[in-house]
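The values are calculated or read from the model by the stated rules, or taken from the named source; none is laboratory data. All values derive from a computational prediction rather than experimental measurement. Please note: Cβ atoms are built from the backbone with ideal geometry, for glycine as well, and neighbour counts cover all protein chains shown. Surface accessibility is based on the protein's heavy atoms, side chains included, excluding ligands, DNA and RNA. Shrake-Rupley method; radii C 1.70, N 1.55, O 1.52, S 1.80 Å.
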Amino acid sequence: MNINAIETLQFNCTTCPSECLLTVEVERDTNGNVIEVRSVTGNNCPRGDKFAHQELTRPMRVLTTTVAVSGGDEALLPVRTAEAIPLELHAQAVALIRGLVVNAPIRMGDIVLKNLLDTNINLIASMDIDRAQVAN
C-alpha cells in the first residue's frame, strides 16, 4: 500500500514587490513528486495562489544567456526568452543556443531565434550591437 506524504512548505512569491510569504500544503507521492497542492495561504492577491501551484508543479523562468557575435563591436550578445519557459527545458535550450552566432548589427528586441524548442517563445536580443569599426 502506497502512502502519500503531506508536507508544509514556506517560500516567497516573486510575482510582485510585496514578496508575500506563502505557506503551502502539498501531497507528495512515494517518489517525492507533488501530486496535489492542497492549500495556499499568506498571499495577499490571487497571483500568489497561481504562483505556488505553478512553482510546485511546473516551474517557469525567463532564460538569460549570451550568444556569439560575428562582425560586431562586442563579442557576445546578451539574450533572453521573451517569456518564461519551463525550467526543465533550460539545459536543453542553453545547449542549442551555445551553437548560435549572430551577425552584427543587431538591436535590442530583435528576434535571435524563433519558437525556442517548440515553446512558441522567441529568444530576443537584450542590447544593441553595432558593426565593428575598421581601423584605417
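So the values come out like this:
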| item | result |
| --- | --- |
| Count of residues meeting criterion [surrounded by 13 or more Cβ atoms within 10 Å (Cβ to Cβ) and touching a Ser or Thr at 6+ places or on another chain (Cβ under 8 Å)] in region 5-25 | 5 |
| Residue, farthest from the chain's Cα centre (by Cα), within region 61-82, restricted to residues that are of a type in the set (S, T, N, Q) and exposed (fewer than 14 other Cβ atoms within 10 Å of the Cβ) | S70 |
| Filter result for G99 (open to solvent by less than 40 Å² (accessible area, probe 1.4 Å) and assigned to a loop (DSSP other than H, G, I, E, B)) | no |
| Matching residues in region 83-107 - criterion: being of a type in the set (V, I, T) and either farther than 30 Å from H53 by Cβ or within 12 Å of the chain's Cα centre (by Cα) (or both) | I85, V94, V101, V102, I106 |
| Meets criteria (surrounded by 14 or more Cβ atoms within 10 Å (Cβ to Cβ), in contact with a Ser or Thr (Cβ under 7 Å, 6 or more places away or on another chain), part of a strand (DSSP E or B) and not acidic (D, E)) for R47 | no |
| Filter result (out of contact with any strand residue (DSSP E or B) (no Cβ under 6 Å at 6 or more places or on another chain) and farther than 16 Å from P59 by Cα) within region 1-20 | M1, N2, I3, C16, P17, S18, C20 |
| Qualifying residue in region 108-116 (condition: modelled with pLDDT under 95, more than 25 Å from V37 (Cβ to Cβ), of a type in the set (A, V, I, L, M, F, W, C) and more than 15 Å from the chain's Cα centre (by Cα)) | no |
| Answer residue from region 102-125, given it is within 15 Å of D73 (Cα to Cα) and part of a loop (DSSP other than H, G, I, E, B) and is most open to solvent (accessible area, probe 1.4 Å) among those | M108 |
| One residue from R58, R38, R28 being open to solvent by 90 Å² or more (accessible area, probe 1.4 Å) and over 22 Å from N115 (Cα atoms) | R38 |
| Scope region 1-31; condition outside any strand (DSSP E or B) and either under 23 Å from the mean Cα position of the chain (by Cα) or within 14 Å of E55 (Cα to Cα) (or both); matching residues | C13, T14, T15, C16, P17, S18, E19, C20 |
